[in-house]
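Beneath this line is the structure, given in structure tokens, with notes to follow.
Just so it is clear, none of the values below were taken in a lab; they were calculated from the coordinates. Just so you know, these numbers come straight off a predicted model, no measurement behind them.
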């Protein structure tokens, strides 16, 4: 810790003589750590470094907060869903941008159709609650859960039908 020294000296009062007072008056001069020799200047450079670090941490916190607040929130698609069905199997993958695959059955028009749907990094997953959509993730999927699916691009017309989901809405 730096200690600022005080140098006591006498200073002339000038050409004006005040009767009854000495010609030299004591004064005080504040000495920095470099001048007093108590800290050798290291305390000041340490303080400057500490202040710079505190300022940098503060700036990083502000930038991080602003980036999180300004991050785009996923916007649900407004078009009708390509598929309404329920989950029969969930297979996490986690390789090459593919989060996982789900098997889905649809009973539209009394015809049972089966689908294998790939969920990748670009797939938006929402949970519907009281007609409001809330962001969700792959881990929110459960077996026998009803969902709506929007495909991202073409599907392979095989049995089961295969495609990549652009959006999934979990229906409650």
Segment residue 88-residue 136, extension gain: residue separation times 0.36 nm, minus the distance between their alpha carbons: 15.4 nm
Segment residue 172-residue 112, extension gain: residue separation times 0.36 nm, minus the distance between their alpha carbons: 19.5 nm
